[in-house]
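Novice: To start, I am sharing the structure in question, which I have written as structure tokens.
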Amino acid sequence: MTSRTPKLLLIACGALAGEIAALRRLGGWEHVELDCLPAKLHATPEAIPEAVRAKLESARDRYDRVCVAYTDCGTVGRLDEVLAEYGAVRLPGAHCYELFAGAERFAALHEAEPGTFYLTDFLARHFDRLVIQGLSLDRYPELLPHYFGNYRRVVHLAQRDSPALRARARECARRLGLAFESRPVGLGPFERALAAAGVGCRRAEGTPA
């Protein structure tokens with residue numbers, strides 16, 4: 001007897017994979033199959049639409065629904081054009097920081113200090129590879145003021161209550177020469193964003209609102 005193909009395919013940014021996997025496990029989403037693209041695509045957002053298109057093309061006619069776990073992510077509407085061709089939907093908002101904080105809370109953070117550099121748990125863990133090496137600051141440290149001269153603080157949007165991650169995020173802020181704040185956000189806002197896109201999650205026990 002062959003197993004039934006999951007009804008819903010979730011094509012996701014690799015930077016969201018850990019949180020999605022946690023919610024999938026806690027929520028019992030046996031109908032959801034996860035397929036991730038490399039997180040490093042965020043360094044070249046113009047490449048995201050075609051990378052998503054390739055995944056959509058390979059999934060054609062194999063699933064009842066397809067959801068794309070990206071926001072606009074700097075594609076300035078081009079990702080939405082690709083999704084419209086395939087009848088797929090994406091997560092609401094402009095970037096993942098808004099997903100994790102929630103739209104209202106993120107708007108308040110931005111209004112309080114527009115010069116904020118945000119860290120998720122994933123970005124804090126992979127700061128050296130994605131920020132320092134990604135911006136060539138390991139080879140050209142003199143570029144630091146060019147990239148971060150207009151920033152005033154780092155805000156860590158903490159999905160997990162982890163002293164080690166908080167310390168890691170604080171060290172990231174120190175390396176950038178910026179003030180540091182940690183804001184616990186849990187997985188509640190992200191779960192609700194997935195639900196708004198039709199992933200059909202139920203409340204996961206132990207998941208902060």
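Taken together, the values in this text are just the output of simple stated rules run on the coordinates, not laboratory data. The structure presented is a predicted model; accordingly, all values stated were derived computationally and were not measured. Please note: Cβ atoms are built from the backbone with ideal geometry, for glycine as well, and neighbour counts cover all protein chains shown.
Novice: Spelling out what I want: for every residue of segment 57-66, take phi, set θ = phi - 60°, compute 6.51 cos²θ - 1.76 cosθ + 1.60 (Karplus), and round to whole Hz; glycine and proline get x.
Specialist: 5, 5, 8, 3, 6, 9, 9, 5, 9, 10
Novice: Among 71, 56, 172, flag the residue with its Cα farthest along the positive direction of the charge dipole of the chain, charges on Cβ as +1 for Lys/Arg and -1 for Asp/Glu.
Specialist: My answer, from the dipole projection, is 172.
Novice: Anyone know which of 42, 110, 156 comes out most mobile in the 10 Å Cα GNM of the chain?
Specialist: Maximum among the listed residues: 110.
Novice: Could you tell me how far the Cα centroid of segment 170-187 sits from the Cα centroid of segment 46-83, in Å?
Specialist: That distance is 31 Å.
Novice: For a quick check, take a GNM of the chain with Cα springs below 10 Å and name the residue from 20, 48, 132 with the largest mean-square fluctuation.
Specialist: Top of the fluctuation ranking is 132.
Novice: So, one more: Using amide H atoms built in the peptide plane, which far-off residues or other-chain residues are under 5 Å from residue 12 H to H?
Specialist: Residues meeting the criterion, in which the H sits 1.01 Å from N, are 35, 36, 37, 69.
Novice: Could you list 71, 120, 44 in order of exposure, starting from the residue whose Cβ has the fewest other Cβ atoms within 10 Å?
Specialist: Fewest to most other Cβ atoms nearby, the residues stand as 44, 71, 120.
Novice: Among 117, 190, which comes first, second and so on when ranked by fewest other beta-carbon atoms within 10 Å?
Specialist: 117, 190
Novice: Here is a further query. Residue 46 to residue 95: FRET efficiency via 1/(1 + (r/R0)^6), r the Cβ-Cβ distance, R0 25 Å, to the nearest 0.05?
Specialist: Using R0 = 25 Å, I get an efficiency of 0.95.
Novice: If you don't mind, another one. Please list 3J(HN,Hα) in residue order for segment 76-92, calculated via the Karplus relation 6.51 cos²θ - 1.76 cosθ + 1.60 where θ = phi - 60°; whole Hz, with x for glycine and proline.
Specialist: Per residue, the Karplus-derived 3J(HN,Hα) values read 6, x, 5, 5, 4, 5, 5, 4, 4, 5, 10, x, 9, 10, 10, 6, x Hz.
Novice: Here is a further query. Run the simple label-point estimate for residue 136 and residue 112 please: 7 Å along Cα→C-beta, distance reported in nm.
Specialist: Calculated label separation equals 3.6 nm.
Novice: Let me ask something additional. Check which residues have an amide H placed less than 5 Å from residue 95's amide H, if you skip close sequence neighbours.
Specialist: Here the answer is 72, 73, since their amide H atoms fall under 5 Å of that of residue 95.
Novice: A follow-up question, please. Give, in whole angstrom and from largest to smallest, the semi-axes √(5λ) of the equivalent ellipsoid of the chain, with λ running over the eigenvalues of the Cα gyration tensor.
Specialist: The three semi-axes for the chain are 31, 20, 15 Å.
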